[in-house]
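Step one of this worksheet: look at the structure below.
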Amino acid sequence: MPPPEAKPTPVQPGSNDGYLDLQDVRKEFDGFVAVDDVTLQIRKGEIFALLGGSGSGKSTLLRCLAGFERPTKGRILLDGQPMNDLPPYERPINMMFQSYALFPHMTVEQNIAFGLKQDGLTRDAVRRRVGEMLDMVQLGKLGKRKPHQLSGGQQQRVALARSLAKGPKLLLLDEPMGALDKKLRSKMQLELVNIIETTGVTCVMVTHDQEEAMTMATRIALMDQGWIQQVGKPDEIYEQPANRFAAEFIGSVNLIDAVIDEDQPDYVTLRTQAFPDIIDIGHGITGFEGQPVSFAVRPEKLSIAKTEPAQAHNKARGSIEDIAYFGSHSVYHVRLPSGIKLMANFTNQQRWASEALTWGDEVWVSWGENDGVVLTS
Amino acid sequence: MKLAALKRWLPGARWAVIAPPYLWLIVFFAIPFLIVLKISFARLAIAMPPYTPILEYVDNAFHLKLNLGNYLNLLTDSQYIAAYLSSIKIAAISTALALLVGYPMAYVIARMSPAARNVAMMLVVLPSWTSFLIRVYAWIGILDSNGLLNRMLMGIGLIDEPLRILYTPVAAYIGIVYCYLPFMVLPLYATLVKLDRRLLEAAYDLGARPWKAFLTVTLPLSRSGIVAGCMLVMIPAVGEFVIPEMLGGPDTLMIGRVLWGEFFNNRDWPAASAVAIVMLLLLLVPILIFNRYQQRDLEGRLS
């Protein structure tokens, strides 16, 4: 359980919190449950990420929002309006498709104008709006080109302009960076967020890339097997994972099986087979003595030293088995006598700092009483 | 090395690959075409073969005698012009009908599951495995006043006396559309099955109703298939002989029948050759259009 000072923000009725309101949305395909009773409230103006692996149900949920799939049960409300019975062409929702789905036989301008023309706007109004959108995504000069004459990054901006042209109430992004190479990705992530934030549109994106979700989204819903495992801000999900899945999916983590030894309101101790010392947690949790739990601590929270640290608990002795050098930091894999391996990051603040520790060195790994999280599920 | 020296003079493997199609075209297309072209400039003669030579060796000199009379005849005799126009009209209407029937077929097949698609395409192609002549003949049995169709219509009480369909232009249209339908469906299916369904979803997403999405996305993107299918039906249909002869009746005027008449009834080889050459020139226009489209399509995909 997360410590009390960082509860997920509760939904307040009447506020903008439930601008997009999913109530028990379920989608089955021939008995297979793709989306399993998802309830979510998304705020107005928020960039919300559905993060999960393949088969987690995130894409199906997005297609339910766009109207390409009909939920088996449950309700979808946008700005108080029920969406379930509206076909995609009547929803005030536009989507930027994975690998963009730009119309290959139309120019950039015609692509952006497509949605506007469906609304029966005058030719002048369409042209003006297309010009605005092209300026917004900085493609002013490329309006007459065909999609195949553009680079990947340019195509992405055309797709964004096309999906924003109608001023939708909700913008959907399906794996927005999926078709770009890694270098371009980090640049476009921030650019996309900037454009979306200028328009103020509420946005739901689907991605399998945790880095992308954490960079772009204000809040993330972590999905697995049709379930939402955890909803929270990027730092909440990283620092206070709700369960083992959340801890392991995002970033890397040391998971240690343990049992609650002493359960007090202001501290908890755990016993483990992994090392002789007890684990001391600096706050209370809801559990009972003898309950099996997992102790999760991120590699960057572990300190590594050749001498025994002064602290009473939260330390283990082992030998360095592997070193992974990443330039900015190194990851040491420390094998404890019990056979359990712990990963500890070491920031290479000084040049050649990583050379102080080497394979086979006997070291102490230690952490603070608030650095780890106790997971009961 | 003797072997190496020999190898230099032997045609390489590259030629073995490139040559056969060219040889094929020369032997079975270029030479027959030149022979027909030559005959079209000759005069009718009671001889064996029944035309005059156009190149004669008289008085130590070659004399080239080109007779343009056959071509002038085509221009002046209204019967030929009427036959050409009628052929093009019948071919064009048949092509349009085949497109109207074939597009929905190809569309539905392309939307089926991959397993069902193969079965459906098999069913489209399967009739072509039997003889063309037999299939046309079967239509006589269907369209005859005493045939299947009339008996069925009278059986359910829709008509009192048999419809006269056989030996009218309508029967020729039915025959041409039926026989050439696979040539329309195949290229249409090939383009429609490749069509990215997400493009349609994108159109819906942007507010296009299904019919509008079809007109603005599916139809323009299947244009290369439409052009290919229309050419594959139109070009052979213009010169069609068997179907109008067997189903069409005397008032179905088509150039193929005129050609047959000139050649076999009048035994006027030069006139028949001229008719054939002009037909070829007429067909060249749509063939060139077709090639241009195909090339553009290819270029678009490569870039």
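A short reminder: the numbers here are calculations on the coordinates, not readings from a lab. None of the values given here were measured: they were computed from a predicted structure. Cβ sites come from the backbone with ideal geometry, for glycine too, and all protein chains shown count toward neighbours.
Across region A:265-280, what is the number of residues that are surrounded by fewer than 17 Cβ atoms within 10 Å (Cβ to Cβ), assigned to a loop (DSSP other than H, G, I, E, B) and not acidic (Asp, Glu)? The qualifying residues number 5. If we scan region A:197-218, do we find a residue that is of a type in the set (D, E, K, R) and crowded, with 20+ Cβ neighbours inside 10 Å? Looking through region A:197-218, at least one residue is of a type in the set (D, E, K, R) and crowded, with 20+ Cβ neighbours inside 10 Å.
Is there a residue being among the basic types (Lys, Arg), assigned to a helix (DSSP H, G or I), under 22 Å from the mean Cα position of the chain (by Cα) and within 14 Å of chain A (Cβ to nearest Cβ) anywhere in region B:221-233? Yes: one or more hits.
Going through region B:129-147 one residue at a time, which ones are in contact with a helix residue (DSSP H, G or I) (Cβ under 8 Å, 6 or more places away or on another chain) and loosely packed, with under 14 Cβ neighbours inside 10 Å? Selection gives B:Phe132, B:Leu133, B:Tyr137, B:Gly141.
Might you let me know whether region A:144-164 holds any residue that is buried (at least 16 other Cβ atoms within 10 Å of the Cβ), at negative phi, more than 14 Å from chain B (Cβ to nearest Cβ) and not in a helix (DSSP H, G or I)? No: region A:144-164 contains no residue that is buried (at least 16 other Cβ atoms within 10 Å of the Cβ), at negative phi, more than 14 Å from chain B (Cβ to nearest Cβ) and not in a helix (DSSP H, G or I).
Need the failing condition index for A:Gly140 against (1) in contact with a Pro (Cβ under 6 Å, 6 or more places away or on another chain); (2) more than 10 Å from chain B (Cβ to nearest Cβ); (3) small (Gly, Ala, Ser), just the number. The number of the failed condition is (1). For region B:125-153, how many residues meet the condition of being under 21 Å from the mean Cα position of the chain (by Cα) and more than 17 Å from B:Gly175 (Cβ to Cβ)? The total comes to 3. For B:Val170, the criteria (1) touching a residue at least 12 places away in the same chain (Cβ under 8 Å); (2) farther than 30 Å from A:Met106 by Cα; (3) among the aliphatic types (A, V, I, L, M) hold in every case but one, which is (1). Tell me whether region A:110-119 contains one or more residues that are out of contact with any Gly (no Cβ under 8 Å at 6 or more places or on another chain), on the phi > 0 side of the Ramachandran plot and more than 7 Å from chain B (Cβ to nearest Cβ). Scanning region A:110-119, I find no residue that is out of contact with any Gly (no Cβ under 8 Å at 6 or more places or on another chain), on the phi > 0 side of the Ramachandran plot and more than 7 Å from chain B (Cβ to nearest Cβ), so the answer is no.
Taken together, the criteria place A:Pro176 among residues that are in a loop (DSSP other than H, G, I, E, B), of a type outside the set (Phe, Trp, Tyr), over 20 Å from B:Pro220 (Cα atoms) and away from every other protein chain (no Cβ under 13 Å). Scanning region A:238-264 for residues that are in a helix (DSSP H, G or I), aliphatic (A, V, I, L, M) and in contact with a Lys or Arg (Cβ under 9 Å, 6 or more places away or on another chain) turns up just one, A:Ala247.
The condition of being out of contact with any Asp or Glu (no Cβ under 9 Å at 6 or more places or on another chain) and free of Cβ contacts under 8 Å to residues at least 24 places away in the same chain holds for only one of A:Glu308, A:Glu321, A:Glu355, A:Glu362, that being A:Glu355.
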